[in-house]
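To start, the structure under review is shown below, and the notes come after it.
A short reminder: the numbers here are calculations on the coordinates, not readings from a lab. Because the structure is a prediction, the values reported are computed rather than measured. Here the Cβ positions follow ideal geometry from the backbone for every residue, glycine too, while neighbour counts run over all protein chains shown.
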């Protein structure tokens, strides 16, 4: 029984720097991902912030993560977000179940599909946490607004909040291929089925929609807050104008009284 697991490290990974610093052997490399050979297993780095391991002994994986931590100047590495046991059984067909994958053989394309899906799942877990935190914080602001009729998010703080929400949405759309399978599965029935089974078992699309819904709720609430702030500013400007007009009228009235 082998292990396949994924770590989410950060929003981006400097995969070129990591490749230059680690002693692991590069098998495949492009601009967004690098596949390493580590002992009898593999490590797959994705620039959207995830490292997936297949068949890598724990000590070797920890050493590799140490290289990553050093190249990124990190004090610690996050806990594993996804972990699956992989069983090789030539007499049976591929099967994906809860926390276990059974495969008839393990050619490199099959291993890459497993690591790719675990990486996607780990990244979604990260964004789920961010969106949950944003939604929870937004609920606190709406509860305060419901209780006092006032909002605590003003101008710059509100703009930063909106920017954070939009940045998360853009990052997900830019880096994750939620609704698109890797090209390698297009002309291979086995890879296509394995990819679909992993995607379904990991609930990747369902969890993505949950993240998207959270962010949409946050965005809608922030738009209400922004409209409230805009109305408050408009009302303040109207009062300032009225006061200035009154001052001008009083000044003219006093001037007339003094000159008569």
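Summed over region 148-169, the residues that are farther than 10 Å from residue 218 by Cβ, within 22 Å of the chain's Cα centre (by Cα) and in contact (Cβ under 8 Å) with a residue 60 or more places away in the chain give a count of 1. Just one of the listed residues (132, 94) is within 27 Å of residue 204 (Cα to Cα) and under 19 Å from the mean Cα position of the chain (by Cα), and it is 132. Applying the selection to region 1-38, what residues are within 21 Å of the chain's Cα centre (by Cα), assigned to a loop (DSSP other than H, G, I, E, B) and touching a residue at least 40 places away in the same chain (Cβ under 8 Å)? Result: 9, 10, 11, 13, 14.
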